[in-house]
Structure formats: structure tokens, C-alpha cells
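The values are calculated or read from the model by the stated rules, or taken from the named source; none is laboratory data. Remember, predicted model here, so these are calculated numbers, not experimental data. Backbone-built Cβ (ideal geometry, glycine too); neighbour counts: all protein chains shown.
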Amino acid sequence: MFELHQHSIRRQGVTILHEIELRIEQGEKVALLGPSGAGKSTLLEALRQQQPLRSAWCPQQGALVPMLSVFHNIYMGALDRHSALYNLANLIRPMATQWQQVEQLAAELAIAEKLRTSVDRLSGGQAQRTALGRALFSQRDVLLADEPVSSLDESQGEALLRFALSRHHTAVSALHDRELALHCCDRIIGLRDGRIVIDAASQNLRIQDLNELYRRR
């Protein structure tokens with residue numbers, strides 16, 4: 001599904017990723033862990049570039065359109081499935097079929113009552129549910145998500161992440177919660193200073209192993 005060989009990325013003279021060796025097979029659910037600045041977001045972007053048409057993308061901070069409603073932001077996941085004229089008509093007046101499909105998904109995400117609400121009036125957790133909804137509505141095989149549940153409490157975050165993972169054959173998610181990564185993903189990739197320092201099955205790791213990623217040096 002994804003393969004990087006001696007892959008490095010430099011930006012403004014600074015190396016963000018150092019000679020990354022990585023292979024991700026179809027069907028894997030992978031968590032990216034590491035402190036801020038470790039290179040998780042950059043690695044996700046590199047993976048996305050390999051499979052842009054197969055990947056549902058949920059970037060950090062959601063990248064939602066604030067002045068549009070929850071319905072329209074979720075519907076954006078389906079823009080490439082319809083013509084520009086169809087999408088414009090749906091923007092002006094949502095069609096019954098599309099409304100029903102988005103409403104069903106929104107109900108599973110616990111935001112059905114917010115469909116007519118503009119995104120700028122949502123809480124952080126509701127905005128993250130909307131961003132995940134947009135990714136899910138794109139109906140693609142692979143989920144690439146950058147901190148998709150960081151604004152939710154532990155219980156809600158785990159439920160939402162499990163739901164999102166269940167809707168995709170393959171997933172790579174950057175997470176900040178180590179326990180969540182161990183519970184929901186079958187493989188952990190730990191980054192530090194742009195290098196992979198952990199790559200192992202979740203069942204072979206303990207929380208203490210992951211804590212080492214975050215210790216100051």
C-alpha cells in the first residue's frame with residue numbers, strides 16, 4: 001500500500017524526515033506516535049502523495065470551511081464523485097438524497113442535530129467529528145488522519161476512532177494518546193527527531209516502551 005525507501009524531506013534547509021524506511025501493507029491499522037516536531041504530519045503527507053486517489057484525508061485542525069454548515073463540510077468529501085454543476089446546486093439547496101446520506105453518517109458521529117450549524121459555532125470535539133465525517137463520506141479505502149480525536153475525552157475519542165477505522169481497509173493515524181494507539185491500532189510507529197525509532201506490533205509493546213519517545217534528552 002505504501003513504501004518509502006531512504007526517504008528524506010528537507011524544508012527551508014532543515015531536514016524533517018531522515019532516510020525513512022517504511023512499508024505498510026493493505027489491511028494494517030497503524031498509529032504514528034512521537035513528540036511535537038517528530039515528523040508525524042510530514043510523514044502522513046508523504047504517504048498521501050503516494051496514494052492521493054485512494055486516501056481519505058483528515059488533516060490536523062480539520063481544515064473545515066468555517067462559514068459553511070456541518071452538512072456542506074461533510075458533503076465536500078463527495079465533491080469528486082459529482083459534476084461541478086451538481087455540487088453547486090447542492091450547495092445552494094441540498095438534495096434530499098445527499099441530505100439523507102450525510103444525515104445518516106452524522107447520526108453515527110453524534111452530530112446529526114448540528115447539520116445546519118456553521119462550523120465556526122461548533123465545539124472542538126464537534127469540529128473533529130465533522131472533519132472525520134468529511135473523510136468518511138469520501139468513501140475511500142485508506143484513512144490518513146492527523147490527530148483526529150485530540151479534542152475528545154478518552155471514551156469518546158476511542159469510540160470515534162474505532163468507528164473511523166472500521167470504515168477503512170487500511171489506516172494510518174497520528175495520535176497523541178499512547179493508550180489509544182495501543183488499544184485501537186495493530187502497529188505502532190514511533191518517531192523522534194524525524195527518524196523511526198519504534199516499529200512494532202501493538203501486542204508486543206507496553207506503555208512504558210512508548211513513554212520513552214517523549215522523554216527529554
Within region 28-44, which residues are crowded, with 16+ Cβ neighbours inside 10 Å and farther than 20 Å from ILE207 by Cα?
GLU28, GLY39, SER41, THR42, LEU43, LEU44
Which residues, counting only those in region 152-186, are part of a loop (DSSP other than H, G, I, E, B), farther than 18 Å from ALA38 by Cβ and under 13 Å from the mean Cα position of the chain (by Cα)?
ARG167, HIS168
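Which one of these is touching a residue at least 60 places away in the same chain (Cβ under 8 Å) and touching an Asp or Glu at 6+ places or on another chain (Cβ under 9 Å): LEU144, LEU115, LEU132?
The unique qualifying residue is LEU144.
For every residue, the table says whether it meets (1) surrounded by fewer than 21 Cβ atoms within 10 Å (Cβ to Cβ); (2) at pLDDT 95 or above; (3) hydrophobic (A, V, I, L, M, F, W, C); (4) in the same structural domain as VAL70 (by TED's automatic domain parsing).
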| site | (1), (2), (3), (4) |
| --- | --- |
| GLY125 | yes, no, no, yes |
| THR130 | no, yes, no, yes |
| ALA135 | no, yes, yes, yes |
| ALA145 | no, yes, yes, no |
| SER151 | yes, no, no, no |
| GLU154 | yes, no, no, no |
| LEU161 | no, yes, yes, no |
| LEU165 | yes, yes, yes, no |
Taking LEU91 as the residue in question, decide whether it is surrounded by fewer than 21 Cβ atoms within 10 Å (Cβ to Cβ), under 27 Å from ARG54 (Cβ atoms) and outside the structural domain of GLY27 (by TED's automatic domain parsing).
yes
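Matching residues to (1) among the hydrophobic types (A, V, I, L, M, F, W, C); (2) out of contact with any His (no Cβ under 8 Å at 6 or more places or on another chain); (3) in a helix (DSSP H, G or I):
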position	(1), (2), (3)
ARG10	no, yes, no
THR15	no, yes, no
ALA38	yes, yes, no
LEU47	yes, yes, yes
LEU79	yes, yes, yes
ASN90	no, no, yes
VAL102	yes, yes, yes
Is it the case that some residue within region 193-207 is in contact (Cβ under 8 Å) with a residue 60 or more places away in the chain, surrounded by 15 or more Cβ atoms within 10 Å (Cβ to Cβ), out of contact with any Lys or Arg (no Cβ under 9 Å at 6 or more places or on another chain) and among the hydrophobic types (A, V, I, L, M, F, W, C)?
yes
Among ILE111, ILE74, which is surrounded by 14 or more Cβ atoms within 10 Å (Cβ to Cβ), within 17 Å of the chain's Cα centre (by Cα) and either among the hydrophobic types (A, V, I, L, M, F, W, C) or within 21 Å of ASP153 (Cα to Cα) (or both)?
ILE74
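Looking only at residues in region 55-71 that are surrounded by 15 or more Cβ atoms within 10 Å (Cβ to Cβ) and in a loop (DSSP other than H, G, I, E, B), which one is nearest to the chain's Cα centre (by Cα)?
Here the answer is PRO59.
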Mind counting the residues in region 1-37 that are under 17 Å from the mean Cα position of the chain (by Cα) and touching a residue at least 24 places away in the same chain (Cβ under 8 Å)?
12
